[in-house]
Amino acid sequence: MDSKARTVGVLVAFLGVCPFGAGVALAQTPAGRDTCVSCHAGLPESRLARPAELFAQPDIHRESGFACADCHRGDPGATEKSRAHDGAHGFRGKPMGLAVITACARCHSDAELMRRFAPRQRVDQALEYATSVHGKRLAAGDTKVATCASCHGAHGVRRVKDSKSPVFPTNVGGTCASCHASDEHMRGYTLPGGAPLPVNQFSEYQKSVHYAALMKADDLSAPSCNACHGNHGAAPPGVGSVANVCGTCHAVFAQKFETSVHAQIFDKGCVECHGNHAVLKPSDEMLGTGAHAICATCHGGPDDKGAVAAEAMRGDIDRLKGAIDATGTLVARVKNAGIEVSTQELALAEARSHLTLARAEIHASDAARVDAIIQDGLKIVTTTDTAGQRGLRELKYRRTGLVISLGVILLVVVTLALKIRQLDRRG
């Protein structure tokens with residue numbers, strides 16, 4: 001059975017257990033007669049008392065007027081356990097596996113109902129989940145996979161935009177890691193080739209530039225697990241789609257890479273050079289054939305055209321970077337002396353833009369195109385450096401003039417002093 005047929009089969013399975021669009025009748029609980037919370041809050045077993053405690057905390061469902069019986073059914077007005085848990089009232093206790101999806105989808109897949117509470121909320125999460133690796137394994141009988149409650153929680157469910165929500169951007173990594181970083185939980189799962197599924201993804205991600213941007217720079221747009229793998233439709237990116245995943249944010253680099261010779265050679269696209277989870281901050285050291293260069297893993301030797309091109313691009317970038325630094329120091333010196341240099345500062349900013357463009361262009365693996373950008377940048381720096389040298393000469397001229405002026409003034413003062421002294425003697 002091909003993947004498309006399997007997906008259709010999974011969707012049919014979910015459609016069979018989830019009454020999408022069937023119209024949801026909420027539990028009609030008389031005010032003050034919901035005994036679920038009051039009873040469970042007094043139970044000695046923490047596993048039974050904890051749900052009531054969590055439900056009393058900020059919970060989007062409770063705040064919207066939902067009660068325990070809307071998910072668990074039963075008789076919320078009964079004072080006896082046997083009546084409250086009466087199967088005649090549809091009591092189902094704690095949902096597990098597919099029953100969790102059914103319980104959540106009962107409301108979240110009903111467009112008419114969701115329009116009353118959250119008009120902008122999507123209603124296709126259950127269908128999307130059915131296409132995910134989690135949904136497919138669950139439909140096949142694997143009860144260890146994540147369901148709605150695994151990520152969002154079952155009680156005390158917070159809004160996604162709540163910073164304490166387990167699916168808030170800064171918490172997503174830890175939420176995924178609660179399963180994927182556990183040796184015991186992930187035991188038995190394998191990669192397509194048969195190797196054990198790694199459990200170091202989160203620890204590797206914590207080394208990345210993405211994690212630093214998200215957790216240290218408070219950039220909530222920085223990618224976490226779901227940015228690349230998806231959330232409800234979670235699935236590992238296929239080998240051929242990795243560049244597309246990276247390209248959703250790094251569009252310019254992806255476009256350049258598509259024109260390169262590497263696009264036809266690299267099976268894993270961007271991952272070949274940058275990795276996937278431990279994506280370190282790129283540096284110029286990665287280019288060339290030096291000890292820390294990525295190019296050196298494939299290219300080497302004086303007759304290797306790839307190595308020659310890499311060294312040429314690295315040399316061009318170093319040359320422009322060095323010229324910008326030197327001229328920047330010159331302009332700063334002139335500025336500190338009080339000479340107007342705003343035009344030169346703007347020119348240096350443009351030269352730095354050329355340096356950035358050149359760094360992006362290396363993804364096309366065309367040394368000639370990189371060199372053209374570098375040469376344009378060097379022309380700007382040369383012109384700016386000439387202006388800086390003129391500023392130095394102007395500074396030298398001003399200082400020379402100041403010294404001469406001070407000398408003349410001193411001579412006049414001494415002359416006046418001598419004249420006054422002479423007059424005093426005559427007096």
- prompt: Within region 274-289, can you find the residues that are outside any helix (DSSP H, G or I) and buried (at least 17 other Cβ atoms within 10 Å of the Cβ)?
  reply: Asn276, His277, Ala278, Val279, Leu287, Gly288, Thr289
- request: Out of Pro223, Pro196, report the one residue that is closer than 24 Å to Glu272 by Cα and loosely packed, with under 15 Cβ neighbours inside 10 Å.
  value: Pro196
- prompt: Do any residues in region 281-307 that are touching a residue at least 60 places away in the same chain (Cβ under 8 Å) have Cβ atoms under 7 Å from those of residues that are assigned to a loop (DSSP other than H, G, I, E, B) and buried (at least 18 other Cβ atoms within 10 Å of the Cβ), where the two are at least six apart or on different chains, and which pairs are they?
  reply: Leu287/Ala293
message: Looking at the structure I just gave you, is Gly306 part of a helix (DSSP H, G or I), within 17 Å of Glu361 (Cβ to Cβ) and modelled with pLDDT under 95?
response: yes
field: Set Arg393, Arg421: member being surrounded by fewer than 16 Cβ atoms within 10 Å (Cβ to Cβ) and either in contact with a helix residue (DSSP H, G or I) (Cβ under 6 Å, 6 or more places away or on another chain) or farther than 22 Å from Gly338 by Cβ (or both)
entry: Arg421
task: Return the only residue of Ser203, Ser241 being at pLDDT below 90, assigned to a helix (DSSP H, G or I), outside the structural domain of Ala149 (by TED's automatic domain parsing) and not hydrophobic (A, V, I, L, M, F, W, C).
output: Ser241
field: Selected residue (criterion: nearest to Ser224 (Cα to Cα)) from residues of region 259-271 that are at pLDDT below 90 and assigned to a helix (DSSP H, G or I)
entry: Val271
- request: For region 149-174, name all the residues that are outside any loop (DSSP other than H, G, I, E, B) and under 24 Å from His72 (Cβ atoms).
  value: Ala149, Ser150, Cys151, His152
query: So is Ala234 touching a residue at least 12 places away in the same chain (Cβ under 8 Å), under 21 Å from Val167 (Cβ atoms) and more than 12 Å from the chain's Cα centre (by Cα) or not?
result: yes
message: Quick test for you: out of Ala360, Ala351, pick the one residue that is over 30 Å from His229 (Cβ atoms) and in a helix (DSSP H, G or I).
response: Ala351
- prompt: Can you pull out the residues in region 308-353 that are under 30 Å from Lys396 (Cβ atoms), of a type in the set (Asp, Glu) and in contact (Cβ under 8 Å) with a residue 12 or more places away in the chain?
  reply: Glu345, Glu350
- prompt: Restricting region 377-427 to residues that are under 60 Å from the mean Cα position of the chain (by Cα) and of a type in the set (Val, Ile, Thr), which is farthest from Val331 (Cα to Cα)?
  reply: Val403
query: Among the residues of region 356-383, which ones are without any contact (Cβ under 8 Å) to a residue 40 or more places away in the chain and buried (at least 21 other Cβ atoms within 10 Å of the Cβ)?
result: Ile373, Ile380
- prompt: Within region 142-180, can you find the residues that are among the charged types (D, E, K, R) and under 19 Å from the mean Cα position of the chain (by Cα)?
  reply: Lys161, Asp162, Lys164
- prompt: How many residues are among the small types (Gly, Ala, Ser) and surrounded by 15 or more Cβ atoms within 10 Å (Cβ to Cβ) if we restrict to region 316-331?
  reply: 2
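The values are calculated or read from the model by the stated rules, or taken from the named source; none is laboratory data. These numbers were taken from a predicted model, which means no experiment stands behind them. All Cβ positions, even for glycine, are placed from backbone atoms using ideal geometry, and neighbour counts span all protein chains on display.
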